[in-house]
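The values are calculated or read from the model by the stated rules, or taken from the named source; none is laboratory data. Owing to the predicted nature of the structure, the values given are computational and were not obtained by experimental measurement. Here Cβ is always computed from backbone atoms with ideal geometry, including for glycine, and neighbour counts include all displayed protein chains. The accessibility values were calculated without ligands, DNA or RNA, using every heavy atom of the protein model including side chains. Shrake-Rupley method; radii C 1.70, N 1.55, O 1.52, S 1.80 Å.
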Amino acid sequence: MLELDGSSGGGQLLRSALALSLCSGEPFRMRGIRASRPKPGLMRQHLTAIEAAVAISDSTAIGATPGSQQLEFRPGTVRGGDHRFAIGTAGSTTLVLQTVLPALLRADRPSSLLIEGGTHNPLAPTAEFLIQTFAPLLGRMGAVIDLSLLRHGFFPAGGGALRLAVTPSALKPLTLNARGAIRSIKALAISSSIAESVGERELAVVGEHFGLPPEALVHQQIARPVGPGNALLISIESEALCTVFASFGERSIRAEQVAAEACRQAQRYLDAAVAVDEHLADQLLLPMALAGGGAFTTTQPSAHFLSNAALIEKFLPVEITQTAVSASAWRVDVAA
């Protein structure tokens, strides 16, 4: 059984360990889960991820209780089927989805998942990121999946829903060394039970920053809101991929500040002239490792990235290397 230290990262280490354990058949014991966070231990979305991992595989999980900082997980055989998981809070549906998706690609039959909770959370990938960026890249790696956003769910009310259909399929290596020419930049402001002017002000800032035409700026008001919320998304489509950046409105933060943060993230990516941004780099490591190879250029790897890479190397016979190619660009190689 692998002994893992979960104190050096957040819930990502736990989710990666669950996914890798299901795929490799290797049991693990993780201690110090989220020990460095203001509220350490397992929270509702982490418990739902564990519940989902157990449900699709008849695995055994010991220590899956609120606030627990230790989990022992023994994986069973992954089986396809129809599943519904309700987080019960605004905890991220996207992170629960990413926990079980790699294993379901190796299941004995197709699967469908309905996951209810938060879809637009500040500390998790948005539904648009998964749909526009992550899922298409997995498709290029050979994954047969269909992902849709059924309802928006903002913090703290939640109430959102994602639906995922998965057909068992093998992953193959992917290389993203260059993003190529920029084809378009678009912005989407999503508003739920807040003044329409908030989204319009956000879009005005993005439009001015990137010199965008009116048709590239879209404001979406949620027709049947569960609770208040606001997200600003900037999508950059290049020859190689579409990348989505997000910032979120809060009660004490002006719309112009929300927009400035989204522009900062997008501009940093553009200035670095790399294929993959910091957050996507984290997300690509695990599927590339399961595929047995891959490579991409990105900005300087974060501590979060490095801890995730080290965890993956404990489960799989792969080596993940990072090499600086310029002052702002790094090349990441995943090799079996």
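Observations on the structure shown:
- Considering residues of segment 94-139 that are of a type outside the set (Ser, Thr, Tyr), in a strand (DSSP E or B) and touching a Gly at 6+ places or on another chain (Cβ under 6 Å) only, the residue surrounded by the most Cβ atoms within 10 Å (Cβ to Cβ): Gly118
- Among residues of segment 38-57 that are under 14 Å from Arg74 (Cα atoms) and free of Cβ contacts under 8 Å to residues at least 40 places away in the same chain, those with a beta-carbon under 7 Å from a residue that is assigned to a loop (DSSP other than H, G, I, E, B) and open to solvent by 10 Å² or more (accessible area, probe 1.4 Å) at least six positions away or on a different chain give the pairs Ile50/Ala64.
- In segment 220-248, the residues that are small (Gly, Ala, Ser) and in contact with a Lys or Arg (Cβ under 7 Å, 6 or more places away or on another chain): Ser235, Ser238, Ala240
- Within segment 11-31, tally of residues that are without any contact (Cβ under 8 Å) to a residue 60 or more places away in the chain, of a type in the set (Gly, Ala, Ser) and buried (at least 17 other Cβ atoms within 10 Å of the Cβ): 0
- Checked against the criterion of being open to solvent by 10 Å² or more (accessible area, probe 1.4 Å), under 18 Å from Leu290 (Cα atoms) and at pLDDT 95 or above, segment 36-59 contains not a single residue that satisfies it.
- Whether a residue is open to solvent by less than 10 Å² (accessible area, probe 1.4 Å) and either at positive phi or acidic (Asp, Glu) (or both) was assessed, and Glu196 does not pass this test.
- Filter result for Asp333 (surrounded by fewer than 18 Cβ atoms within 10 Å (Cβ to Cβ), part of a strand (DSSP E or B) and acidic (Asp, Glu)): yes
- Selected residue [open to solvent by 60 Å² or more (accessible area, probe 1.4 Å) and more than 30 Å from Lys314 (Cα to Cα)] from Ala255, Ala266, Ala223, Ala260: Ala223
- Candidate set: segment 293-317, residues that are within 17 Å of the chain's Cα centre (by Cα) and polar (S, T, N, Q); chosen: the one modelled with the highest pLDDT: Thr298
- The sole residue among Leu284, Leu290 that is at pLDDT 95 or above, within 20 Å of Ala246 (Cβ to Cβ) and open to solvent by less than 30 Å² (accessible area, probe 1.4 Å) is Leu284.
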